[in-house]
Structure formats: C-alpha cells, structure tokens
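Any read-out appearing in this document is the output of simple, stated calculations on the displayed coordinates, not a laboratory observation. Keep in mind that what you see is a predicted model, and the values were worked out from it rather than measured. Backbone-built Cβ (ideal geometry, glycine too); neighbour counts: all protein chains shown.
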2 protein chains.
Amino acid sequence: MSSFVAYLSCARCGRALDHRVPQGLCPCGGPLLGDYDLDAVASAVPKADLPARVPTMWRYRELLPVEDAGSVVSLGEGFTPLLPMPALGERIGLPDLWVKDEGLNPTGTFKARGAACGVSRARELGIRHVALPTAGNAGGAWACYGAAAGLDVHVAMPAAAPSANRAECELFGADVTLVDGLISEAGRVIDRQCREEGWFDVSTMKEPYRVEGKKTLGLEIAEQLGWMAPDAIIYPAGGGVGVIGIWLAMRQLRQMGWLENDAPRLIITQSAGCAPLIRAFEQGSEESEPWRDGQTIAHGLRVHKAFADFLVLRAVRETGGTALAVTDDDIRESIRSFGQAGIGACPEGAATLAAAEALRERGDLSSRDRVVLINTGSALKYPDALGAD
Amino acid sequence: MSSFVAYLSCARCGRALDHRVPQGLCPCGGPLLGDYDLDAVASAVPKADLPARVPTMWRYRELLPVEDAGSVVSLGEGFTPLLPMPALGERIGLPDLWVKDEGLNPTGTFKARGAACGVSRARELGIRHVALPTAGNAGGAWACYGAAAGLDVHVAMPAAAPSANRAECELFGADVTLVDGLISEAGRVIDRQCREEGWFDVSTMKEPYRVEGKKTLGLEIAEQLGWMAPDAIIYPAGGGVGVIGIWLAMRQLRQMGWLENDAPRLIITQSAGCAPLIRAFEQGSEESEPWRDGQTIAHGLRVHKAFADFLVLRAVRETGGTALAVTDDDIRESIRSFGQAGIGACPEGAATLAAAEALRERGDLSSRDRVVLINTGSALKYPDALGAD
C-alpha cells in the first residue's frame with residue numbers, strides 16, 4: 001500500500017489541513033478534498049501494471065487516502081462493468097452509448113465506493129462511531145462496511161424511504177432512526193446526535209473520504225476506455241458526490257499525463273419533481289436554492305439542497321457540461337427501455353437515459369459523441385418501482 | 001476467442017455428440033457435458049497471462065463452449081469476490097473461512113453465469129426462443145441475458161416464488177407463466193410448451209451449456225486461492241448445477257496440471273423442509289426420491305428432485321464430501337450472522353454457514369480446514385426475508 005495523499009485542502013477557502021488526523025469540515029465551513037503528489041504517483045506507477053491489479057477500486061490505491069493496506073475493508077467494490085449499448089444507443093441517435101453498471105457493487109449501488117473508502121479511513125484514524133443521514137442506499141452501504149470493519153454505524157432516514165433500505169440497514173446491524181420529512185431533516189437529526197454523542201459525522205461531503213472513493217468511478221471509466229475519456233458522462237445528481245469525484249479523477253489523470261484528451265463534458269440530471277441543481281444551472285447561480293416539497297420516485301434524487309452544490313455546478317460548467325431535469329414518467333419509461341436491453345436500472349440511473357434522449361433531441365449531444373451513462377444502482381433495490389408497473 | 005470444446009458426452013451412457021448443432025439431452029435421456037482438449041488448452045494458455053485478462057468469467061474462454069467472441073453476451077458476470085472471513089470463522093471454529101459472494105453478479109445471483117453462457121451459445125447456434133422453469137432467480141437471469149441478446153425468453157414459475165422475481169422477469173421483457181405448485185410443475189408446463197411451440201428447453205441440465213457457465217465458479221475459486229483448492233466447498237444445492245460445475249472445473253484444472261492438490265471436498269446442504277439430495281446421500285442411494293410437499297424460505301432449494309441428482313451425489317462422494325440439512329431457523333440465524341459480518345446473504349447462501357457450523361461441531365470439518373462457502377445470491381433478492389425479522 002502506498003497512498004500519495006499529501007494533505008487536505010478546503011474547496012472554498014483553499015486552506016490546507018493535516019490528513020493524518022480526523023477532519024470533518026474546514027473551519028470556514030467548506031468541504032475538504034484530498035491533495036495528492038501526482039508527479040510521484042506518475043513516476044511510481046507504470047500504467048501498464050494496472051491490468052494485472054485487483055479488479056476492485058483498490059487497484060488505484062496510490063490515488064486513495066488509506067495509508068495502511070491492513071485498514072482497507074474490501075467486499076469487492078468497484079471495477080464494475082462499462083457496457084457498450086449499441087442497439088439501445090441507435091434507437092436514441094447515440095450509437096456510441098455506454099452504461100457504467102454500478103448495480104454490481106456490494107449492497108447493489110455505487111454508494112459502496114464512498115462507504116468502503118470512508119469506513120476504511122475512519123478505522124485507520126481510530127474512529128469508532130460514524131453517523132449519516134440517508135435517502136436509503138448510502139445507509140445500507142455504510143451499515144454493511146461498518147459491520148465488516150467493526151465500526152458502529154448510526155443512520156437517520158426519511159420514513160418514506162424504500163422499506164428494503166431500512167431492512168438492509170438493520171440486517172447489517174446499524175442503529176436506524178426514522179425521520180418525518182426529507183433527507184435534510186434526517187441531516188439535522190444526525191448533526192444533533194453527533195454533537196451530543198461524539199459520533200463522527202460522515203454526511204455527504206462533510207468528511208473528506210467518501211468523495212475519494214467515488215473518484216474511482218472516473219478512474220475506471222478512463223481506464224476501461226483505454227485512457228481516452230468519453231465525450232460526455234451523464235450522472236443523476238442527488239448530493240452530487242459522484243460527479244464531483246469523476247471531475248477530480250479526470251483532473252488528476254490529466255495532471256499525471258495518463259489522459260490526453262480534454263473530455264468529458266459532465267452532465268447532471270435530476271427529477272423535475274426535485275431539481276434544485278438544474279434550476280441553479282439554468283439561472284447561472286453558483287449555488288442552489290432549497291427546493292420545497294420535493295417529490296420523485298427516484299429517492300436518491302430527493303435532496304432539496306446538496307451541501308456541495310457549488311462544486312457540482314463548478315464541475316459541470318468547467319467541463320462544458322449541462323444540466324437537465326426529466327420527469328418521473330420519463331424515468332419509468334427509461335427503466336423499461338433499459339430492461340429491454342438487459343440492464344436492471346434504478347430510477348436514478350434510468351434518469352440518465354431519459355436525459356441522454358432529450359439532450360440528443362435538443363442538439364446538446366451529437367450522433368458521433370461517445371456518451372457514458374451512470375446507472376448508480378440495481379433495480380433490485382427498488383422492488384416497488386419494479387412491481388408498480 | 002478460442003474455445004477448445006471438442007464434443008459433448010453423455011454423463012449417463014458416455015455417448016459422444018456433436019457440439020456444433022443444438023443439443024438437448026442424449027437420446028438415452030442423460031445430461032450432456034462438454035469435453036475439452038485440455039492438453040491443448042494447457043499448452044495454449046500461459047497461466048501467468050490470466051491476471052491481466054478481463055475480470056469476468058470470460059477470462060476462461062478456452063474452457064467455455066462459445067466459439068465466436070461476437071456471440072458472447074456479457075454484462076460483467078463472474079470473477080466475483082472471494083472474501084476472507086476470519087472473525088466470523090473464528091466464532092464457529094473455522095478461522096480459515098471464506099465466502100464467494102455471488103451477489104455481485106448481474107441480477108444479483110450466480111444464475112447469471114449459466115444464463116450468460118447458455119444464452120451466448122444458444123444465439124451462436126441460431127436459437128431464437130428459450131424456455132425454462134424457475135424458482136425465481138434463474139428466470140430473472142435468463143430474461144436479462146435474453147433481453148441483452150435479443151432472444152425470446154419464456155419462463156414458468158411457482159406462483160409462490162418471491163414477487164420480486166416475477167417483476168424482474170417482466171422488467172426484462174420475458175413471457176411469464178405462473179404455476180400452482182413447485183418448480184417440478186413449472187417444468188411440466190415448459191416441457192409441454194417446448195414440444196408445442198418448438199422453443200428450446202434450457203431447463204437445468206437439459207441443455208449442455210448452463211453447467212459450463214457455472215463451471216467458472218470453480219475455476220475462479222482455484223485462481224483466487226493461487227491455484228490451490230480449499231479443503232472444502234459448501235454449496236446450497238437446489239438443482240445442483242453449481243456443484244457439478246465446480247466438480248468439473250477442479251477435474252479439468254487438475255488434468256491441465258494447473259491444480260496440484262486433491263481438494264476440495266464438495267459438501268452440499270439443503271433445507272430440512274426439502275432435502276431429497278441429503279436423504280439420498282445418507283441412504284447411500286445413487287439417485288434421489290422425490291420429496292413431497294417441500295417447504296422452505298430458501299426458494300432456490302425447493303426442488304423436489306434434481307434432474308441431475310446422480311451427478312450431484314457422484315460429485316460429493318467422489319471428492320470425499322458430505323451432505324447435511326439445516327433448518328429454516330438455522331438459515332434465518334445465519335442470515336443475521338452474515339449480516340453482522342457485512343455479507344448480505346440470500347437464504348440459500350446462508351444455509352452454507354449453518355452447515356459449516358454444524359459440520360465443525362460434528363467433527364467433519366477441522367479448525368485447520370480452509371473452507372469456502374458459496375453465497376449464491378444477494379440478500380436484495382429477498383426483501384421479504386429481510387423485512388420479516
């Protein structure tokens with residue numbers, strides 16, 4: 001094991017902080033990101049060695065923050081398939097369409113990446129209790145990795161979250177609090193509990209390591225496409241950690257000289273029933289305004305204001321991307337289209353297909369574009385959405 | 001692509017049949033198995049090349065029956081994690097305990113292996129309609145791969161199978177018939193439909209290629225343990241294809257000189273509520289008698305008589321293995337134990353942990369044994385079993 005993390009820096013004020021002790025937010029309130037000695041990584045790691053490495057996200061260990069191999073809690077997360085979808089793509093005018101299928105992770109969603117990295121690093125730093133609010137899938141992932149690592153996991157989730165998510169948290173022995181309201185209300189409960197109990201708050205972007213795990217999504221897409229980034233990646237943004245992670249990954253790879261093109265354009269989608277990031281993008285704002293009474297069948301997108309919204313919007317704008325809302329009916333239709341092509345998509349993941357279709361129609365994507373959709377989780381996590389039809 | 005399949009041979013009468021045309025059963029009624037030119041594989045494939053190959057079951061393409069790479073339908077199946085479970089193992093007196101976690105397959109179960117291979121080969125041979133009875137998970141897997149391949153898939157399943165399984169088949173566009181009774185009754189429906197409609201019957205062991213896909217389970221375990229087979233593998237047997245596949249894999253690897261030890265002992269478990277194979281093993285019979293009114297929460301084990309029971313029993317006996325029934329209460333308890341260790345096990349997979357514990361207690365396994373449990377699927381496939389507690 002040989003992490004090349006050098007320090008943490010605040011994404012708001014730029015202040016550098018020590019990564020060798022537990023850190024939450026910057027004193028200014030901004031989220032912290034890992035800084036790596038990328039020149040050293042580039043000279044230490046021959047790119048040609050990668051194919052023979054372990055087929056999990058830990059193949060990129062030098063670009064991850066865990067320092068001791070013994071701290072890693074791995075259940076096989078990451079290095080999920082990137083699948084060409086020529087027939088489905090043809091039908092929507094995007095023949096070079098691909099799907100990154102995150103359903104093949106432990107607990108069935110991409111949340112496993114953030115949890116594996118966050119739990120491993122928390123354990124390494126001597127933390128015993130972690131706590132987070134969740135719309136469902138993050139709670140299941142953290143509960144699972146917490147169980148594997150021997151950490152106590154405390155989650156608060158909306159009572160309206162899918163029952164399978166609650167059952168999953170309980171299966172893995174997490175302490176579950178059900179909350180009336182959205183994930184923001186669950187966040188307030190966790191914030192208070194952490195202050196009262198001394199638990200470590202691992203809410204989205206309120207500790208530095210979840211996003212580091214998500215970064216591997218971008219590293220994998222680049223490697224799986226032969227170190228040539230696609231023209232566009234479409235991501236269903238709830239808290240938006242994944243798209244921030246992909247953005248960081250591409251920047252780091254470019255700085256290391258591993259990625260030569262300037263792509264990808266990072267495109268986000270949300271449900272029209274709860275679309276604060278899309279509204280902010282369209283209004284040219286640097287941050288989003290809270291969305292009132294958000295409603296969507298895609299529970300992971302029911303986030304009324306993402307904590308790191310300014311970073312999500314920066315990632316989209318800096319890469320020449322765009323943002324687009326789709327309806328729940330579009331999402332249902334896209335679940336079916338994915339299914340007919342052999343992909344069991346969650347509602348959030350299906351939103352990316354609906355967005356791709358709309359972006360092609362309005363000319364934001366061309367028939368020559370190589371487009372990667374992120375299916376953030378398995379249809380299996382949503383038996384209700386499956387059975388509802 | 002370079003399959004080294006040479007012909008098919010009947011596991012009952014030994015007759016050789018041509019693999020280049022569609023084949024179901026041998027004229028004698030026995031199941032067909034692939035025969036490979038193993039000496040040629042051993043000289044064509046340097047074992048040292050394997051680590052850099054694709055991290056799916058297709059890394060063993062020379063030992064699979066698909067002849068043209070263009071026929072392969074892959075959604076990322078196989079090369080699932082083999083996880084060391086030292087803490088869980090210590091608690092039951094088996095410190096060298098491992099879990100092969102098949103939940104990280106498309107559709108969340110090991111059925112993806114058989115479906116990927118069977119569908120790919122069916123497409124290669126020009127077949128347009130495949131049909132099978134299923135307790136649930138095989139139907140979902142075949143429906144998924146059929147959708148990806150553009151084949152029509154017809155499934156018959158017990159009305160009592162988990163509703164998530166039916167929804168999954170429908171998501172992938174399969175033609176679903178619900179049947180009163182067990183999978184045996186569903187089998188009769190499929191048998192009749194295949195004769196009437198000219199569909200290709202891909203029931204368990206009634207065509208030669210599903211078991212070839214399952215064989216990769218054994219190949220992977222051997223490779224992941226550094227080409228040293230474990231002392232024992234515990235498998236939850238419904239139709240028993242997986243354990244037959246593992247047995248064939250180990251024999252082929254040994255014949256190729258890739259595996260030097262004589263292990264593993266192949267151990268099967270079933271639920272006490274439906275245990276025809278266990279009863280046959282205990283009675284010293286070569287075949288099983290149909291089990292009446294089988295009942296268990298592990299739907300995949302509710303098979304009253306496995307078609308290839310004689311091969312399952314031969315695999316167990318030839319390797320010095322054994323067979324043991326566990327109760328549904330044991331299964332529920334083992335789901336919890338797995339969960340507390342970070343493994344989301346299906347009831348069938350959990351049965352292997354209960355069996356390991358019992359075998360250790362009765363002295364059939366020793367504390368020095370390296371034991372691999374096959375968790376055949378994800379807990380996510382069983383929201384009812386999760387929520388029921």
## Note on the structure
Inter-chain shielding metric for B:168-175, i.e. average beta-carbon neighbours from other chains within 10 angstrom, reads 5
#### Entry: Principal axes of chain A: Cα extent on each, largest first, Å
52, 51, 38
### Query
If you wrap region B:5-71's Cα atoms in a convex hull and average its projection over all directions, what's the area in nm²?
5.4 nm²
### Query
Distance from the Cα centre of region A:339-386 to that of region B:141-207, in angstrom?
27 Å
### Query
Once you put a point 7 Å from the Cα of A:Q283 and another 7 Å from the Cα of A:R188, both along the Cβ direction, what distance in nm separates them?
2.1 nm
### Message
With a cut-off of 8 Å between alpha carbons and a minimum separation of six or more residues, what is the relative contact order of region A:111-201 in percent?
### Response
31 percent
### Query
Tell me, in nm to one decimal, what length is gained between B:W227 and B:D39 on full extension, where the rule is 0.36 nm per residue of separation less the Cα-Cα distance?
65.9 nm
### Query
Given C-alpha coordinates of the protein assembly as shown, what is the ratio Rg to Rh with the Kirkwood estimate of Rh?
0.96
### Query
Which value, in debye to the nearest 20, gives the size of the charge dipole of chain B about its Cα centre, when Lys and Arg are +1 and Asp and Glu are -1 at the Cβ?
320 debye
### Query
Any idea what diffusion coefficient region A:51-143 gets from Stokes-Einstein, in µm²/s, Kirkwood Rh on alpha carbon pairs, 25 °C, 0.890 mPa s?
164 µm²/s
### Query
Taking chain A as a Gaussian network, where each spring joins two C-alpha atoms under 10 Å apart, which residue of A:E361, A:E287, A:E348 fluctuates the most?
A:E361
### Query
Measuring from label point to label point, each 7 Å out along Cα→Cβ, what is the A:D175 to A:A52 span in nm?
4.7 nm
### Query
Lys/Arg Cβ at +1, Asp/Glu Cβ at -1, dipole of region B:111-201 taken about the Cα centre: which of B:I183, B:A159, B:A148 is farthest positive-ward?
B:A148
### Query
Given springs between every Cα pair under 10 Å in a Gaussian network model of chain B, which of B:L83, B:L365, B:L50 has the largest fluctuation?
B:L50
#### Entry: Computed [θ] at 222 nm, deg cm²/dmol, the protein assembly as shown (DSSP H ≥ 4; -39,500 (n - 2.57); rounded to nearest 500)
-11500 deg cm²/dmol
### Task
Note down the nm distance, to one decimal, between modelled labels 7 Å out along Cα→Cβ at B:R195 and at A:D152.
6.5 nm
#### Entry: Restraint check, A:K214/B:K47; A:K100/B:K214; B:K47/B:K206; A:K47/B:K111; A:K214/B:K214, Cα-Cα greater than 29 Å
A:K214/B:K47; B:K47/B:K206; A:K47/B:K111; A:K214/B:K214
### Query
Where in region B:312-384 are there trypsin sites (Lys or Arg not before Pro) that are in a DSSP coil and have at most 12 other Cβ atoms within 10 angstrom of their Cβ?
B:R362, B:R368
### Message
Please compute the Kirkwood hydrodynamic radius of region B:61-213 from all pairs of different C-alpha atoms, in Å with one decimal.
### Response
16.2 Å
### Query
Gaussian network model of chain B, Cα springs within a sub-10 Å range: biggest mean-square fluctuation belongs to which of B:G30, B:G118, B:G14?
B:G14
### Query
If you put a point 7 Å past Cα along the Cβ direction, how far is that point for A:D180 from the same point in each other copy, in nm, smallest first?
4.6
